[in-house]
Amino acid sequence: MIRNFAVSGVFVMSLALPGLAYATDYYVNSVSGNDGFSGTSAATPWQSLNKLDTASLQPGDTVYLADGSNWYGQRLVATASGTANDPITYTNYGSGADPTIWGSVPVSNSDFQPLAGASGTYFVPASDITSTWGPNSVTPGAAAPLPVGSVFENGNFLHSASLLSSSPLSYVESNANSWYYGGSGAAEGLYVNAGAPITATSSNQFTASGIAGGSDPYLGVVYSNGQSNVTFENLSITQSAAVDGGGYGFSAAGGSNVKLLNSTVTGAGKHAVAAIDTTGFLAQNVSVSNMMPDQGYGAATAFVAYSDYTSSGDTSASVNDSANLGQNNVYPAFYDHWTASASDPTPIAK
């Protein structure tokens, strides 16, 4: 089944021809890799996604991410364009679970401190929640405080008090399964009421998602900004949740012929998969589940295409994609919209 979630004219998908004779393969493995290795063979893989930002990718190059790998608080960003015949490809190798890119970082149970005068509420200082977001961190590759966009307990969303109350801290103190990030000075950090004690030895596993240091509103955990002829496949993208900027699991902004294939996106915020001011975008065999709750009258849209007045003729297609939004989400799974102007009233051809 083919579903156009950005309404378009004719969508033509180019078939890639064999790669360039001098194309380079890069390997990244979060378990056995080392950023001091060459990164150009499965025996000498890099460890971090941030290291990919130093590679001068060329048309026909392939980036292989090891199955079973997990990258927390790092972003996979397309840094160069391929050509129609020689795209740049990000894919997997090995065996086991698809490589997973997390838009979140673990929060140690031992970092939670009981909040005085508020039974059941715990506090984690901002300095204990950091990430290394590569080119969008304050200092590339260095840990920086992570402005929290969502909190998960054992993979399930806790409710954002800021979305539900004008007095978020008071809300957290009174309501289980809720969180708030704010304050200043020594009191700046994460406040959580999990409805049960949080101890260093308890089985609760907390993660906090957010985007650090970047100003681009379309940032995704996996992201192509202005690049063309790039393919991402066989990836697991999870916990990108934020209400607005940076709340994307996968996003393609600008450029053309970007593809997301045979992948899963879970625990997303604003949107799970987004095509923004881009043409020839394809999402195929992509599964979306568990979107962020409490936004407006529901949660968030799984697949979205957007075109503003600076862009026209944008096209997107969805093939065999699925969405299980969860948490009483009343938004449509597939949604397209645009911003018109007097000089360009229909940037997406209807």
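The values are calculated or read from the model by the stated rules, or taken from the named source; none is laboratory data. Bear in mind the structure is a predicted one, so any value in this text is a computation, not a measurement. Cβ atoms come from the backbone with ideal geometry, glycine included; neighbour counts cover every protein chain shown. To get the accessible areas, we keep the full protein, side chains included, count just its heavy atoms, and leave off ligands, DNA and RNA. Shrake-Rupley method; radii C 1.70, N 1.55, O 1.52, S 1.80 Å.
What is the gain in length, in nm to one decimal, between LEU164 and TYR22 on full extension, counting 0.36 nm per residue of separation less the C-alpha to C-alpha distance?
45.6 nm
Convert each backbone phi in the range 70-87 into a coupling constant with the Karplus relation 6.51 cos²θ - 1.76 cosθ + 1.60 (shift: θ = phi - 60°), then list the ³J(HN,Hα) values in order as whole Hz, x for Gly and Pro.
The phi angles translate into 9, 10, 9, x, 10, 10, 9, 10, 6, 9, 7, 9, x, 10, 4, 8, 9, x Hz.
Ordered by residue, what ³J(HN,Hα) values in Hz, to whole numbers, does the range 196-205 give under the Karplus form 6.51 cos²θ - 1.76 cosθ + 1.60, where θ = phi - 60° and Gly and Pro are x?
7, x, 10, 10, 4, 9, 6, 7, 4, 10
Could you tell me the distance between the Cα centroids of the range 253-279 and the range 54-100, to the nearest Å?
Taking the Cα centre of the range 54-100 as reference, the centre of the range 253-279 is 15 Å away.
What is the local net charge at ASN262, summed over the other residues whose Cβ is closer than 12 Å to its Cβ (Lys, Arg +1; Asp, Glu -1)?
Cβ neighbours under 12 Å give a net charge of -2.
Given Cα pairs under 8 Å that are at least 6 residues apart, what percent is the relative contact order of the range 172-252? Please report the intermediate quantities before stating the final value.
Working: 98 pairs, mean separation 20.3, N = 81.
Rounded, it is 25 percent for the range 172-252.
Just to verify a number: FRET efficiency for ASN177 and SER127, C-beta to C-beta distance, R0 = 30 Å, to 0.05?
0.75
Order VAL319, VAL221 by their accessible area, 1.4 angstrom probe, all chains in place, largest first.
Final ranking, largest accessible area leading: VAL319, VAL221.
Any chance you could run the full-extension gain for ALA43 through ASN320? It's 0.36 nm times the residue separation minus the Cα-Cα distance, nm to one decimal.
So the chain would gain 96.2 nm between ALA43 and ASN320.
Which FRET efficiency value, to the nearest 0.05, do you get for SER32 and GLN58 by plugging their Cβ-Cβ distance into 1/(1 + (r/R0)^6) with R0 = 25 Å?
The formula returns an efficiency of 0.45 here.
Read phi for every residue in the range 273-286 and hand back ³J(HN,Hα) as whole Hz from Karplus 6.51 cos²θ - 1.76 cosθ + 1.60, θ = phi - 60°, with x for Gly and Pro.
Result, ordered by residue: 9, 9, 10, 10, 6, 10, 10, x, 6, 9, 10, 9, 6, 10 Hz.
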